[in-house]
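Everything on this sheet refers to the single structure shown next.
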Amino acid sequence: MKRYVSMALAFMLMAGTINAQHVNLGVKGGLNLYNIQNDNGAEYDSKAGFHLGLLGHIHLSKNFAIQPELVYSQQGAKYTTSGAETKIDLGYINIPVMFQYMFDNGFRIQAGPQLGIMVNAESETNNVETELNDNLAAIDFALGAGLGWIHTPSGFGVDARYNFGLTNINENSSFKSSNRGFQLGVFYQFKHK
């Protein structure tokens with residue numbers, strides 16, 4: 001796992017050295033609505049959480065940018081069996097790298113890969129908590145796509161994104177499970193140009 005973290009940090013540092021017109025740092029946060037998709041037909045309900053982190057917005061040209069981020073994200077799902085609700089609480093450090101096309105009116109479309117590093121995993125049923133770290137994959141790869149808008153004079157903006165998990169996070173079962181989730185948030189870019 002340390003190797004993946006080192007690779008991600010090295011990538012973020014290299015991204016800053018790209019021949020860019022300018023670079024903006026910023027903060028972001030907002031609401032998550034995540035679920036777990038299972039290939040055995042079991043359906044879970046979405047679970048609300050939050051995300052909070054840092055971003056680097058690197059202009060490659062007038063209309064194109066790359067945006068690496070470092071974000072803590074609450075994810076998971078919930079389901080009810082025999083009247084008892086079970087909540088699956090997953091925490092990740094996510095490192096998305098979004099490629100953006102920027103319109104002149106502040107709107108952006110974006111897509112890119114995301115590396116997720118699991119930092120906690122537990123389930124809770126009837127106030128009894130169970131650790132899940134040994135049963136779930138420590139690394140999660142995903143693809144993200146979405147829209148954003150920034151108020152250029154102030155540096156404040158909004159962001160909506162869907163993340164589609166590619167990794168089977170369920171390591172000790174015969175069926176596959178993957179993360180799926182919507183994110184809606186706000187961000188602020190310092191010294192935005």
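The values are calculated or read from the model by the stated rules, or taken from the named source; none is laboratory data. Since this is a predicted model, take the numbers as computed values, not measurements. Virtual Cβ from ideal backbone geometry, glycine too; neighbours counted across all protein chains shown.
Residue by residue, here is whether (1) out of contact with any His (no Cβ under 7 Å at 6 or more places or on another chain); (2) surrounded by 14 or more Cβ atoms within 10 Å (Cβ to Cβ); (3) over 28 Å from residue 23 (Cα atoms); (4) modelled with pLDDT under 95 holds:
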{"residue": "142", "(1), (2), (3), (4)": "yes, yes, no, no"}
{"residue": "149", "(1), (2), (3), (4)": "yes, yes, no, no"}
{"residue": "165", "(1), (2), (3), (4)": "yes, yes, yes, no"}
{"residue": "170", "(1), (2), (3), (4)": "yes, yes, yes, yes"}
{"residue": "173", "(1), (2), (3), (4)": "yes, no, yes, yes"}
{"residue": "190", "(1), (2), (3), (4)": "yes, no, no, yes"}
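Comparison of 41, 76 shows that the only residue that is part of a loop (DSSP other than H, G, I, E, B) and either over 30 Å from residue 151 (Cβ atoms) or in contact with a Gly (Cβ under 6 Å, 6 or more places away or on another chain) (or both) is 41. Residue 82 is checked against (1) at pLDDT 95 or above; (2) over 25 Å from residue 119 (Cβ atoms); (3) not charged (D, E, K, R) and fails just one. What number does that condition carry? Exception for residue 82: condition (1).
Report yes if some residue within region 90-97 is touching a His at 6+ places or on another chain (Cβ under 8 Å) and surrounded by 13 or more Cβ atoms within 10 Å (Cβ to Cβ); otherwise report no. Among the residues of region 90-97, at least one is touching a His at 6+ places or on another chain (Cβ under 8 Å) and surrounded by 13 or more Cβ atoms within 10 Å (Cβ to Cβ), which makes the answer yes.
Does residue 154 fit the bill of being surrounded by 14 or more Cβ atoms within 10 Å (Cβ to Cβ) and small (Gly, Ala, Ser)? Please lay out each step first, then the result.
Details: surrounded by 14 or more Cβ atoms within 10 Å (Cβ to Cβ): no; small (Gly, Ala, Ser): yes.
When the stated conditions are applied, residue 154 does not pass them.
Residue by residue, here is whether (1) part of a strand (DSSP E or B); (2) among the hydrophobic types (A, V, I, L, M, F, W, C) holds:
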site	(1), (2)
91	yes, no
99	yes, yes
114	yes, no
118	yes, yes
141	yes, yes
158	yes, yes
161	yes, no
180	yes, no
192	no, no
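With respect to residue 86, is the statement that it is assigned to a loop (DSSP other than H, G, I, E, B) and among the β-branched types (Val, Ile, Thr) true? Judged against the criteria, residue 86 is not a match. Pairing residues of region 99-115 that are farther than 20 Å from residue 142 by Cα and without any contact (Cβ under 8 Å) to a residue 60 or more places away in the chain with residues that are part of a strand (DSSP E or B) and of a type in the set (D, E, K, R), at Cβ distances under 6 Å and at least 6 apart in sequence or on separate chains, gives 102/108.
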